[in-house]
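The values are calculated or read from the model by the stated rules, or taken from the named source; none is laboratory data. From a predicted model like this one, the values you see are computed outputs, not experimental measurements. Note that we place each Cβ from the backbone using ideal geometry, even for glycine, and neighbour counts take in every protein chain shown. With ligands, DNA and RNA removed, areas are computed over all heavy atoms of the protein, side chains included. Shrake-Rupley method; radii C 1.70, N 1.55, O 1.52, S 1.80 Å.
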Amino acid sequence: MLTPHDCPSHAHSAYDMRNGPATHWKNPAHLGLRATFEAAKNALNIQRVQSADQGTYRCRVDFRVNPTLTFISNLSVVVPPSRLVVYTELGVDLRNIVGPFLEGESITINCRAFGGLPPPRVTWWEGTVLLDLTSEEETSEYVTNTFLVTSLTRRDLHRPLTCKASNTNLTEPLTSTVTINMNFPPLWVRILGDRAPLSAGRPYDLHCQAVGGRPPAVISWRLQNTVLSSQTDKTSHDGNVTWSELRWTPSVRDAGKILSCLADSPVLQPGPMVDEWRLQIYYVPVTRLRPGRSLNLSNIEEGDDVYFECSINANPWVYKIDWIHEGQELQHNVTAGIIISNQSLVLQKVARTASGNYYCIASNIEGDGHSNPILLKVKYAPVCRSGQIIYHGAAKYERVNIPCKLDAHPKPLVFKWTFNNSGESVDIPKSHITESGWESTVNYTPNTELDYGTLLCWGSNSVGRQHLPCVFHVFPAGRPDPVHNCSSYNLSAMMVNVRCVAGFDGGLPQTFIMELYEPHSNRLLANITNKNMAVPVSFNITINELFALNNMPTFVFPASPSSAHVVLACLMVSETHMTL
């Protein structure tokens with residue numbers, strides 16, 4: 001009979017083989033159904049070993065004849081730790097992430113293993129590197145190991161720390177891993193590019209980069225104390241780099257100002273990092289034209305000297321300055337009294353032709369800057385206006401109105417008319433004179449042969465009296481002279497073009513008439529009147545237009561234009577005929 005003895009629970013199990021095949025007996029109050037005897041191996045199998053199963057096991061073999069044999073075995077039961085807890089010094093349980101922390105800070109992490117027989121060994125690891133194997137606290141219920149990391153650096157970001165608890169090599173240890181999380185301010189911020197001068201009025205894309213911020217830095221732009229908001233931001237995949245693109249158009253007023261790019265952490269308080277750029281702005285010259293300080297532009301008379309100053313604000317500086325008078329560029333000419341010296345213009349002994357608008361143009365690589373115009377009005381005594389009709393024909397007892405037009409600045413205050421003939425000079429009474437601005441009109445009636453002669457007109461203003469009078473001749477009116485030198489040009493089947501030179505008008509306004517006749521019947525087909533006083537007199541009209549003027553059917557000019565006749569006649573003049 002094989003019988004185990006002296007188990008801690010006093011379990012008994014026996015096999016009796018004296019009277020035939022072995023029969024198994026066991027005490028169910030102790031190991032219950034967890035214990036079986038394997039006869040082939042003479043072994044006792046205990047399933048689902050418990051801590052109460054620990055103790056000394058004795059195997060005794062009894063023989064009928066031979067002495068009894070006894071075998072002693074000690075069973076040690078190891079109980080692994082039941083759970084592992086990682087927590088901060090404030091008692092907060094940690095799962096996967098610890099932090100975030102700042103550079104230079106220190107962290108304390110506790111790892112506590114509950115249960116285990118014998119008490120487990122609690123250690124800290126980083127990968128395969130053992131960091132701490134000393135437990136600071138051990139009781140019957142738990143074992144605690146506290147790990148301290150001092151002066152955190154950027155290298156500690158995402159650093160894994162693993163706590164292990166084990167009291168046997170028979171099973172895998174309990175483990176718990178936490179990863180260090182950290183926040184960083186940006187390492188640096190920088191405005192990218194060569195920082196070349198910018199042109200006013202031209203849009204630019206400016207770029208700024210911030211590196212090293214965690215979480216990603218927030219970038220902002222400022223011009224002096226003004227926030228600029230027309231920007232687009234993006235962040236790298238790992239969040240380490242932030243880019244900002246600013247769409248901005250500088251102005252002349254921005255020259256010398258500070259453009260700043262600021263990179264700030266959204267969670268930290270130390271303040272933003274700043275990169276500054278003092279702007280250099282190129283712009284088209286800003287010019288202003290001024291008269292000389294002692295110059296009174298409202299009282300400039302012929303013979304005075306005039307000078308102007310061109311004030312310029314430009315970056316870069318100008319390479320040339322032009323002076324313009326009424327759209328024409330002035331050239332340095334001492335003989336003509338035009339002296340150009342850098343930013344000044346001197347006009348010596350100005351004449352009335354110097355009147356008009358003046359301005360200066362300053363040019364640099366950005367463009368041409370036009371100044372404000374200054375109107376110079378040179379005062380001068382009245383003079384006769386050119387282009388007036390000086391010959392006037394009049395019949396006896398016919399009243400004629402003769403205008404006298406003057407040029408003057410300021411306008412004439414007084415007009416005087418005088419009649420001269422071969423025998424006398426007579427002032428025209430004021431009652432026969434009308435005045436309007438720069439024009440005076442005399443109504444004159446010749447009553448005798450002696451009333452034909454010359455009328456003289458003077459004007460006076462604040463500058464002085466007119467030196468040379470305007471001369472008008474009054475003579476007996478007569479028939480106008482015939483036209484002459486008539487010719488055709490650009491003649492076509494549908495167009496008549498005729499040009500004649502007018503003769504003397506006889507002292508009265510004249511009218512010109514062109515008539516078109518049919519070749520054989522000499523029937524009048526059309527006519528047209530021209531009151532234009534230009535010399536030579538021209539008629540340019542299509543044949544169909546002539547017919548339309550006379551409500552006549554459309555006429556097709558003959559294939560041979562030489563068979564048609566065109567007659568040009570002047571009122572009160574014998575007709576002049578020409579054949580085309």
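Quick notes
- Under the condition of being of a type outside the set (Val, Ile, Thr), out of contact with any Cys (no Cβ under 7 Å at 6 or more places or on another chain) and surrounded by 15 or more Cβ atoms within 10 Å (Cβ to Cβ), the residues counted in segment 395-405 number 2.
- Restricting attention to segment 270-297, the residues that are in contact (Cβ under 8 Å) with a residue 24 or more places away in the chain and either outside any strand (DSSP E or B) or of a type in the set (Ser, Thr, Tyr) (or both) add up to 8.
- Among the residues of segment 374-394, those that are surrounded by 14 or more Cβ atoms within 10 Å (Cβ to Cβ), assigned to a loop (DSSP other than H, G, I, E, B) and not β-branched (Val, Ile, Thr) comprise LYS377, ARG385, GLN388.
- For segment 57-95, filtering for residues that are open to solvent by 100 Å² or more (accessible area, probe 1.4 Å) and of a type in the set (Val, Ile, Thr) leaves 2.
- Inside segment 106-139, residues that are in a loop (DSSP other than H, G, I, E, B) and within 17 Å of LEU157 (Cα to Cα) make up a count of 2.
Per-residue answers, yes or no, for (1) over 41 Å from the mean Cα position of the chain (by Cα); (2) under 30 Å from LEU259 (Cβ atoms); (3) surrounded by 15 or more Cβ atoms within 10 Å (Cβ to Cβ):
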{"site": "LEU289", "(1), (2), (3)": "no, no, yes"}
{"site": "GLU302", "(1), (2), (3)": "yes, no, yes"}
{"site": "TYR307", "(1), (2), (3)": "no, no, yes"}
{"site": "TRP317", "(1), (2), (3)": "no, yes, no"}
{"site": "GLN328", "(1), (2), (3)": "no, no, no"}
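Listed here are the residues, each with its yes/no results for (1) surrounded by 13 or more Cβ atoms within 10 Å (Cβ to Cβ); (2) under 19 Å from GLY387 (Cβ atoms); (3) out of contact with any helix residue (DSSP H, G or I) (no Cβ under 9 Å at 6 or more places or on another chain); (4) in contact (Cβ under 8 Å) with a residue 60 or more places away in the chain.
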{"residue": "ASP427", "(1), (2), (3), (4)": "no, no, yes, no"}
{"residue": "GLY437", "(1), (2), (3), (4)": "no, yes, yes, no"}
{"residue": "THR441", "(1), (2), (3), (4)": "yes, yes, yes, no"}
{"residue": "TYR444", "(1), (2), (3), (4)": "yes, no, no, no"}
{"residue": "VAL471", "(1), (2), (3), (4)": "yes, yes, yes, yes"}
{"residue": "PRO480", "(1), (2), (3), (4)": "yes, no, yes, yes"}
{"residue": "ALA502", "(1), (2), (3), (4)": "yes, yes, yes, yes"}
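- Test result for ARG247, touching a Cys at 6+ places or on another chain (Cβ under 9 Å), modelled with pLDDT of 95 or more, part of a strand (DSSP E or B) and more than 23 Å from GLY99 (Cα to Cα): no
- Of the listed requirements (1) part of a loop (DSSP other than H, G, I, E, B); (2) modelled with pLDDT under 95, THR353 misses just one: (1).
- Only one of VAL149, VAL178, VAL122, VAL189 that is under 30 Å from ASP264 (Cβ atoms), touching a Cys at 6+ places or on another chain (Cβ under 7 Å) and among the hydrophobic types (A, V, I, L, M, F, W, C): VAL189
- Note on segment 407-425: among residues that are assigned to a loop (DSSP other than H, G, I, E, B) and under 24 Å from LYS379 (Cβ atoms), the one that is most open to solvent (accessible area, probe 1.4 Å) is LEU413.
- The one condition from (1) within 23 Å of TYR283 (Cα to Cα); (2) open to solvent by 20 Å² or more (accessible area, probe 1.4 Å) that LEU259 does not meet is (2).
- For segment 229-251, the set of residues classified as farther than 22 Å from LEU157 by Cβ and in contact (Cβ under 8 Å) with a residue 24 or more places away in the chain consists of SER244, GLU245, LEU246, ARG247, TRP248, THR249, PRO250, SER251, listed by residue number.
- Any hit, segment 208-219, residues being more than 30 Å from THR146 (Cβ to Cβ), of a type outside the set (D, E, K, R), in contact with a His (Cβ under 8 Å, 6 or more places away or on another chain) and touching a residue at least 24 places away in the same chain (Cβ under 8 Å): no
- Just one of the listed residues (GLU141, GLU126) is closer than 20 Å to SER51 by Cβ and touching a residue at least 12 places away in the same chain (Cβ under 8 Å), and it is GLU141.
- Out of SER492, SER487, one residue alone is within 60 Å of the chain's Cα centre (by Cα), touching a residue at least 12 places away in the same chain (Cβ under 8 Å) and more than 23 Å from ALA394 (Cα to Cα). It is SER492.
- Residue list for segment 70-105, filter: assigned to a loop (DSSP other than H, G, I, E, B) and in contact with a helix residue (DSSP H, G or I) (Cβ under 8 Å, 6 or more places away or on another chain): VAL77, GLU103
- One residue alone among SER230, SER166, SER220 is among the hydroxyl-bearing types (Ser, Thr, Tyr), surrounded by 14 or more Cβ atoms within 10 Å (Cβ to Cβ) and closer than 30 Å to TYR283 by Cβ, and that residue is SER220.
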